[in-house]
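Where a number appears in this text, it was derived from the coordinates with a stated rule and is not lab data. Computed from a predicted structure; not experimentally measured. Heads up, the Cβs are rebuilt from the backbone with ideal geometry, glycines too, and the neighbour counts pull from every protein chain shown.
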Amino acid sequence: MAMLHYTENGAGEPLILLHSGGMSGAEWAPQIPLFARHFRVIAPDHLGHGHSPMVAGRLRVSDMGRAVLEVMDELMLPVANLAGSSMGGAVALWLTVHHPERVSRLVLYRVGYRKDEVTHAGTRNMADPAYWRGVGMHKWLSDIHRPQGGPDAWEEVILRVSEALEPATSDHAHDLEALGRITQPALIVVGDRDPVAPLDQILEMFGAIPKCGLWIMPYATHVTATSTWRAEMFALEVTRFLQRRE
């Protein structure tokens with residue numbers, strides 16, 4: 001039995017939605033009904049998030065990727081579309097680079113291809129509980145991560161994310177040569193003012209991945225409003241990409 005907790009909705013070609021660090025599969029709640037009109041949508045909680053257990057002393061992108069493969073095996077999915085948000089995008093990219101035979105199409109949302117001190121600064125900022133209290137999301141995080149150890153467990157969850165993406169030790173550390181070997185159609189989605197996934201790195205990715213589209217959202221930081229007023233637009237563009245046939 002797969003370790004990850006996940007939900008399933010809809011029918012058709014499988015689409016696995018991988019949430020960002022510190023969130024859970026519930027991040028995709030506004031999108032799931034829209035995607036489920038066309039796809040079999042699977043939304044797991046990553047290791048150490050939500051209802052999924054923590055299996056090691058430190059969170060690693062590769063471990064999260066292998067846990068997703070376990071879900072695919074349990075559901076008897078030899079291949080699936082992947083859409084990953086931020087840290088979930090790092091997991092989706094790891095799967096595409098290391099297990100390309102399991103990936104049909106790839107959506108990378110709010111994520112670059114490597115971590116450095118500049119991009120990790122934003123991640124470290126989001127590992128501070130004061131950040132989430134300041135934006136009024138701490139109660140929601142407390143609720144979704146209560147299975148990790150109680151009402152304050154969310155503070156440990158967000159710290160794990162920063163550790164998993166520490167530049168010196170993270171396995172989210174690809175190069176342009178590896179990106180050039182990606183044969184799957186890919187779509188990169190990013191805000192034009194995102195400090196965690198800056199445009200110079202995104203443009204390097206766009207130039208390196210052979211079959212790649214790029215959607216830059218104007219006046220958007222790491223928070224792109226795709227769970228609110230951009231939700232239908234986001235789902236429509238991603239659906240068009242996934243259904244596009246060359």
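I'd like to compare 164-173, 37-46: which one has the highest average count of other Cβ atoms within 10 Å, and what's the full order after that?
Those peptides, ordered most packed to least, come out 37-46, 164-173.
Just add up the charged neighbours of I202: K/R +1, D/E -1, any other residue whose Cβ is under 15 Å from the Cβ of I202.
Summing Lys and Arg as +1 and Asp and Glu as -1 gives -1.
Counting only residues 5 or more places away or on other chains, whose amide H sits under 5 Å from the amide H of L214 once H atoms are built in the peptide plane?
Answer set, sorted by chain and number: I188.
For region 1-45, what class follows from the C-alpha gyration tensor (a ≥ b ≥ c being the square roots of its eigenvalues): rounded when a/c is under 1.5, otherwise prolate if a/b is larger than b/c, else oblate?
oblate
Counting helices only, and only those DSSP H runs with n ≥ 4, report the 222 nm mean residue ellipticity of the chain as the sum of -39,500 (n - 2.57) divided by its residues, in deg cm²/dmol to the nearest 500.
Mean residue ellipticity at 222 nm (helix-derived): -10500 deg cm²/dmol.
Quick one: work out the % antiparallel among DSSP beta bridges in the chain, nearest 5.
Roughly 20 percent of the beta bridges in the chain run antiparallel, per DSSP.
Specify the residue with the greatest mean-square fluctuation among L141, L15, L108, computed from a Gaussian network of the chain linking alpha-carbon atoms under 10 Å apart.
L141
Using Cα-Cα distances under 8 Å and only pairs 6 or more residues apart, what relative contact order does the chain have, in percent?
Relative contact order comes out at 20 percent.
Considering amide H positions built from the backbone, and no H for Pro or chain starts, which residues 5 or more places from E13, or on another chain, come under 5 Å of its amide H?
R40
Sum up the charges of everything whose Cβ sits under 11 Å from the Cβ of Q184, counting Lys and Arg as +1 and Asp and Glu as -1, but leave Q184 out.
Net local charge, Q184 excluded: +3.
Counting only C-alpha contacts under 8 Å and six or more residues apart, can you give the relative contact order of region 1-84 as a whole percent?
Once normalised by length, the contact order is 41 percent.
Of all chymotrypsin sites (Phe, Trp or Tyr not before Pro) in region 140-223, which ones are in loop regions per DSSP and have a Cβ with at most 16 other Cβ atoms within 10 Å?
In loop regions of region 140-223 (DSSP not H, G, I, E or B), the sparsely surrounded chymotrypsin sites (Phe, Trp or Tyr not before Pro) are Y219.
Give the average over all directions of the projected area of the C-alpha convex hull of region 113-200, one decimal, in nm².
Its average projected convex-hull area is 7.4 nm².
For T7, which sequence-distant residues (separation of 5 or more, or a different chain) have an amide H within less than 5 Å of its own amide H, given hydrogens modelled in the peptide plane?
Amide H to amide H, under 5 Å and 5 or more residues apart or across chains, T7 pairs with A43.
So what are the three principal axis dimensions of the chain from its Cα atoms, in whole Å, longest to shortest?
48, 39, 35
Beyond 25 Å, what percent of the Cα pairs of region 1-110 remain?
9
Below 8 Å, C-alpha to C-alpha, sequence gap of six or more: please give me the relative contact order for region 114-208 in percent.
34
From the phi angles alone, apply the Karplus equation (6.51, -1.76, 1.60; θ = phi - 60°) to region 155-170 and give each ³J(HN,Hα) in whole Hz, x where the residue is Gly or Pro.
5, 6, 4, 5, 5, 4, 5, 4, 5, 5, 10, 4, x, 6, 10, 5
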